[in-house]
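Report on one structure; see the data block that follows.
A short reminder: the numbers here are calculations on the coordinates, not readings from a lab. The structure presented is a predicted model; accordingly, all values stated were derived computationally and were not measured. Methodologically, a virtual Cβ is constructed for each residue, glycine included, from the backbone with ideal geometry; neighbour enumeration extends over all protein chains shown.
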Amino acid sequence: MRHGETEGESSIRYHGRTDVALSELGRAQMRRARRAIETRRGDGTFAHVFSSPLVRASEGARIVAGGSAPIVTIDDFVEVHFGLFEGLTADEIRDRYPDEFARWNADRFAPTYVYPAGESRAGFTNRVERGLERMLARWTPRDHDALLIAHRGVIRTIVRKLTHQEPVVELGSIQILHFDGGWQAEALDLIDHLDKS
């Protein structure tokens with residue numbers, strides 16, 4: 001699951017490694033996600049709960065999994081380092097760094113792309129995949145369900161690696177992966193719960 005909206009407006013800003021807290025809207029999104037999971041599964045408990053170390057994800061994990069659930073943070077699941085783009089909107093990036101903005105729009109998903117003064121796409125992918133190996137070393141699907149709260153890029157990388165699919169991953173969205181001899185996407189980009197009060 002992706003964390004909810006942040007105080008720094010993660011719906012429009014590229015926070016990456018900037019550690020911003022959930023906003024009240026983001027906390028409400030996480031509570032709605034918890035209810036959606038409880039409704040779907042009939043239970044809100046998980047054998048294991050994993051999170052990025054950034055507060056927007058770890059706080060989201062506490063809300064969704066419950067305050068007493070032990071949370072394992074995996075440093076490799078921190079979002080990509082956007083470098084000069086950190087904390088900016090797309091319009092601000094375009095205005096401040098027009099040449100970098102053009103290159104970013106042309107190449108942002110290329111493995112060779114490097115955010116200016118930030119992280120490379122290939123380095124980010126390798127890091128997240130190392131984190132996935134660490135997570136799967138602590139938990140196997142036979143241990144029952146697990147929950148991961150992380151960031152858009154992290155979730156996309158994991159889903160792509162395991163299922164070869166590419167979710168959108170909106171704020172507060174739920175991705176459900178199932179293992180039955182191989183990984184499959186049971187449901188991607190669930191967001192209906194976000195429209196409910």
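Some values worked out for this structure:
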| item | result |
| --- | --- |
| Counted charge near Glu166, where neighbours are those whose Cβ lies closer than 12 Å (Asp, Glu -1; Lys, Arg +1) | +3 |
| DSSP bridge pairs, the chain: antiparallel proportion in percent, nearest 5 | 55 |
| Positive-end residue, the range 111-197 charge dipole about Cα centroid, Cβ charges, pick of Gly181, Thr157, Pro111 | Pro111 |
| Cα lying deepest toward the dipole's positive end in the chain, options Ile63, Ala21, Gly87, charges on Cβ | Ile63 |
| Environment charge at Val72 (Cβ cut-off 13 Å; Lys +1, Arg +1, Asp -1, Glu -1) | 0 |
| Ratio of the Cα radius of gyration of the range 3-160 to 2.2 N^0.38 Å, where N counts its residues | 1.10 |
| Burial ranking of peptide ranges 119-126, 87-94 (average Cβ count within 10 Å, highest at the top) | 119-126, 87-94 |
| Net dipole in debye of the range 142-189 [+1 Lys, Arg Cβ; -1 Asp, Glu Cβ; about Cα centre; nearest 20] | 240 |
| Directionally averaged projected area (convex hull, Cα atoms, the range 56-149), nm² | 7.4 |
| Radius 14 Å from Cβ of Glu186, net charge of other residues (Lys, Arg +1; Asp, Glu -1) | -1 |
| Expected 222 nm ellipticity per residue - DSSP helices of 4 or more, -39500 (n - 2.57), all of the chain, to 500 | -12000 deg cm²/dmol |
| Peptide ranges 17-27, 181-191 listed from the most packed, as the mean C-beta count within 10 angstrom indicates | 17-27, 181-191 |
| Whether the range 121-197 is rounded, prolate or oblate, judged on the alpha carbon gyration tensor where a/c under 1.5 counts as rounded | oblate |
| Peptide ranges 73-79, 151-157 listed from the most packed, as the mean C-beta count within 10 angstrom indicates | 151-157, 73-79 |
